[in-house]
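Encoded as C-alpha cells, the structure appears first; notes follow it.
The values are calculated or read from the model by the stated rules, or taken from the named source; none is laboratory data. Note that this is a predicted model, so its numbers are computed, not measured. Virtual Cβ from ideal backbone geometry, glycine too; neighbours counted across all protein chains shown. Just so you know, the surface numbers come from the protein's heavy atoms only, side chains and all, with ligands and any DNA or RNA stripped out. Shrake-Rupley method; radii C 1.70, N 1.55, O 1.52, S 1.80 Å.
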Amino acid sequence: MSDKLKITLDDYTPASDNAWCPGCGNFGILRAVNQALVELQLEPWQVLMVSGIGQAAKLPHYTRTNIFNGLHGRPLPAAIGAKTVNAGLTVIAESGDGDAYGEGGNHFIHTMNRNPDITYLVHNNQVYGLTKGQASPTTDLGFTTKMNPDGAWTALHPLALAVAADCSFIARGFAGDLEQLAALIAAGVRHPGFALVEILQPCVSFNKKNTFQWYQERVYKLEDESGYDTADRTAAFGKALEWGDKIPTGVIYRHPRETFDEYLGTAGKEPLVLRRPDIRSVADLFEEFR
C-alpha cells in the first residue's frame, strides 16, 4: 500500500464500544473491510453499508461510513434501492450465514438474478451466534450444540447456489487471512455488478468445531492453482462444492453481464435527490390516473 494514500485506516476508525466476543473472527473482517476501503481510496461519505440483524450485521456500527441497519435478512432490498437512486454511491451489504441464506434466502436468489452493482459480504460462521448456537443453513451435518443437541441436518452449499444463479462475481475469503480477504473485498467493489464475497469466520463462543486452526489446516488459495479459469462455470461448480479436507479461497467465478442499473437506465446518472422534478410530468401522471 502506498505511503501517499490520502485516505488511511484512521479515517475509518470510530470511537465506539464493541460488543463482539474477544477472539471473534469479525474483528479480522472489520480490519479487512477498512483495508479494502483504504485501498480503493474511498472517502467515508462515498460509502453506504447496509445490514440486517446478527453479529455480522453489527460491523457497520464499528466503522465510519453511512449505514442503514434494517430487518433480519433484509439488507439486499434496501441496498438495491439506495444504489438505484444514487448510482455514484458505493453500496456494501453485510450479513451472516443465517441472515443471508436463511431469513434472506429469497432476496439472495433474486438479487443474483438482477445483478445490481453492489457488494455482498456474508460472514459464514456456520451457526447463529446471536441466539447462542442454533444450527444455521450452513451448519455441518451432525454438528451439535446445547441449542441443537440432536445434530444439524444436511448443509446448504450457498456458493454452488450462486454459480447456478449465474451470480456475476463469487469469491470466498478467510477471516484469518486479512491480506487476501481485503484484496477480495476490493475486487468485489470494483466489479461492475453483484459481487458475493463469502467469508469463513470462526465463532469462538458457539462453534467449537470450525475453529481458526480447523480452517488453517484446510484452506488453500485458488490463485496458487495453475490453470484455474474463473470464467469456467463447470469448474466453478466443482470448487463451490469442495468442502472438508480441502476448502478453496479466492475468486471462484466471474461472469460480467448487464447490471440492474444499466437495465433501468440509472447507471451513471446524478442522485435522485439532486434532480429537479418535472412538474408537468407529475401533473400528467395525476391526470392519467384520475
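Summary of computed values
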| read-out | value |
| --- | --- |
| Residue count for segment 151-201, restricted to those that are surrounded by fewer than 24 Cβ atoms within 10 Å (Cβ to Cβ) and touching a Gly at 6+ places or on another chain (Cβ under 8 Å) | 6 |
| Any chance Asp17 is of a type outside the set (Ser, Thr, Tyr), open to solvent by 50 Å² or more (accessible area, probe 1.4 Å), out of contact with any Cys (no Cβ under 6 Å at 6 or more places or on another chain) and not in a loop (DSSP other than H, G, I, E, B) | no |
| Of all residues in segment 233-261 being of a type outside the set (Val, Ile, Thr) and open to solvent by 100 Å² or more (accessible area, probe 1.4 Å), the one that is nearest to Ala182 (Cα to Cα) | Lys246 |
| Qualifying position, being under 27 Å from Val163 (Cα atoms), at pLDDT 95 or above and among the polar types (S, T, N, Q), among Thr111, Thr65 | Thr111 |
| Any hit, segment 22-31, residues being surrounded by fewer than 19 Cβ atoms within 10 Å (Cβ to Cβ), over 22 Å from Pro75 (Cβ atoms) and not aromatic (Phe, Trp, Tyr) | yes |
| Residues satisfying the stated conditions in segment 204-220, i.e. modelled with pLDDT of 95 or more, over 22 Å from the mean Cα position of the chain (by Cα) and open to solvent by 60 Å² or more (accessible area, probe 1.4 Å) | Gln213, Glu217 |
| Residue check for Asn34: more than 27 Å from Asp166 (Cβ to Cβ), touching a helix residue (DSSP H, G or I) at 6+ places or on another chain (Cβ under 6 Å) and not in a loop (DSSP other than H, G, I, E, B) | yes |
| Search result, residues across segment 97-115 that are surrounded by fewer than 23 Cβ atoms within 10 Å (Cβ to Cβ) and either assigned to a loop (DSSP other than H, G, I, E, B) or among the polar types (S, T, N, Q) (or both) | Asn106, Asn113 |
| All positions within segment 66-119 that are among the small types (Gly, Ala, Ser) and over 12 Å from the mean Cα position of the chain (by Cα) | Gly70, Gly73, Ala78, Gly81, Ala82, Ala87, Gly88, Gly98, Gly102, Gly104, Gly105 |
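Rundown of residues vs (1) out of contact with any Gly (no Cβ under 8 Å at 6 or more places or on another chain); (2) in a helix (DSSP H, G or I); (3) surrounded by fewer than 18 Cβ atoms within 10 Å (Cβ to Cβ), yes/no style:
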residue: Val38; (1), (2), (3): yes, yes, no
residue: Val50; (1), (2), (3): no, no, no
residue: Gly54; (1), (2), (3): no, no, no
residue: Leu76; (1), (2), (3): no, yes, no
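Residues checked against (1) among the charged types (D, E, K, R); (2) more than 15 Å from Ser95 (Cα to Cα); (3) in contact (Cβ under 8 Å) with a residue 24 or more places away in the chain:
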position	(1), (2), (3)
Asp11	yes, yes, yes
Pro14	no, yes, yes
Asp17	yes, yes, no
Cys24	no, yes, yes
Ile29	no, no, yes
Glu39	yes, yes, yes
Gln46	no, yes, yes
Val50	no, no, yes
Gln55	no, no, yes
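Matching residues to (1) outside any loop (DSSP other than H, G, I, E, B); (2) under 30 Å from Ala162 (Cα atoms); (3) of a type in the set (Lys, Arg):
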site: Asp245; (1), (2), (3): no, yes, no
site: Thr249; (1), (2), (3): yes, yes, no
site: Tyr263; (1), (2), (3): yes, yes, no
site: Ser281; (1), (2), (3): yes, no, no
